[in-house]
Structures are given as structure tokens and as C-alpha cells.
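This report concerns only the one structure given below.
What follows draws every value from the coordinates through simple rules; no lab data is involved. This structure is a prediction, so every number in the text was calculated from the model and none was measured. So basically every Cβ, Gly included, is an ideal-geometry build from the backbone, and we count neighbours across all protein chains shown.
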Amino acid sequence: MPAETPLTAYNFRVTSPFGEFRVSKVRNIERSVEVEILREGGRNHAVLALAKPPSQEKRLILERGVCTAQDALNLDQLLGIPQTRPESQLTIAVYDPANQSIQKLYRISDWMLVRWSLGDLDASANTVLLESAEIVYGYLK
């Protein structure tokens, strides 16, 4: 996207080596740890909680966005392909309401695009190109 394009309704910029999107809504940014509770025979005054590997995927949902035509074509090439290399990291930049400065950065690694949908293609209307994209991810920094 050209830097001079005024996208005031799209305060989130999602970038990867495969393209850039500006979206108006990002859902399910989370960090959590699953635990396993153990009780020791002689020490019943407290529980022992141990971190365990996750049993469910974390799903990030990007909604109502715009991108270039080439970046939209890249979505189909990414569908279902795990992105595990460090250089394929996904970055989400949160801008202030005026789109002047970055307020927060999120970096996502070990991700895979699992679903995407476009809006209606209508030459006479000013519609949003990217309706939603769902990404399964492993790590969030």
C-alpha cells in the first residue's frame, strides 16, 4: 500500500513477506498457558500447577480490510501452508486514530492461513475487498 493513501478507518496494518493488509478489526489476540494440576500425597495444603503443551490452536481473525490486487492473489497461495521460518513472521501494527504513529506491535510466528473471504465484487460500489481472514498461530510476542 502506498504510504500516502489515507486509510483512517483501517487502524491495523498486517505485514508479512507475502504482502500488506490494512484492516479495521482484529479479533482473538491472546496469550495463555494450559496447566495440569497435580496433588502430591503428603502435601495437600497446595496444588502444584505445571505448564503443558497447548491442546487447542489459537485463532486470529482479521476483518474488513483493504490490500493491493497482488496481495489478494497471495492469499490463495498461502492457504494451508505452515509459515514456520523466522523470516515469515507476521506483524500487526496498531496505529493511533489519526494513523500517524504506531501504538503497539504484535509479532506472530508459526502461523498458517486457514480461511479467507472477499467481499462482493461490484464495480459500481465502494466495497471492502477483504471481508475476513483466519490465521492459526503458535506464538505471539
Per DSSP helix of 4 or more residues, -39500 (n - 2.57); summed, then divided by the residues of the chain. What does that give at 222 nm, rounded to the nearest 500?
-2000 deg cm²/dmol
Any idea what the relative contact order of the chain is, in percent, if you count C-alpha pairs under 8 Å spaced at least 6 apart?
26 percent
So what's the angle, to the nearest 10 degrees on a 0 to 90 scale, between helix 69-78 and the longest Cα principal axis of the chain?
30 degrees
Springs between alpha-carbon atoms under 10 Å, Gaussian network over the chain: tell me which of VAL66, VAL94, VAL33 tops the mean-square fluctuations.
VAL33
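Quick check on the exposure proxy: order TRP111, TRP116 from fewest to most C-beta atoms within 10 angstrom. Walk me through the intermediate numbers first.
Values: TRP111 22, TRP116 17.
Ranking TRP111, TRP116 by Cβ neighbours within 10 Å, fewest first, gives TRP116, TRP111.
Looking at region 37-128, which GluC sites (Glu not before Pro) are DSSP coil and have at most 14 other C-beta atoms within 10 Å of their C-beta? Don't skip to the answer; put the middle values down first.
Working: sites: GLU40, GLU57, GLU63, GLU87; in loops: GLU40, GLU57.
For GluC sites (Glu not before Pro) across region 37-128 that sit outside H, G, I, E and B with at most 14 neighbouring Cβ atoms in 10 Å, the list reads GLU40, GLU57.
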Arrange ASP71, ASP76 by Cβ neighbour counts within 10 Å, fewest through most, would you?
ASP76, ASP71
All-pairs alpha carbon distance profile, region 65-141, 10 Å steps from 0, percent:
16, 40, 35, 9, 0
Which entry in [x] 11, 34, 22, 13, 8, 7, 4, 1, 0; [y] 8, 17, 12, 11, 9, 8, 7, 7, 7, 6, 5, 2, 1; [z] 10, 36, 28, 12, 8, 4, 1, 0 matches P(r) over Cα pairs in 10 Å bins from 0, in percent derived from the coordinates of this structure?
[z]
For GLY119, other-chain or 5+-apart residues with amide H closer than 5 Å (H placed, Pro excluded) are LEU130, GLU131
Neighbour-count ranking [beta-carbon atoms within 10 angstrom, fewest first] of ARG85, ARG13:
ARG85, ARG13
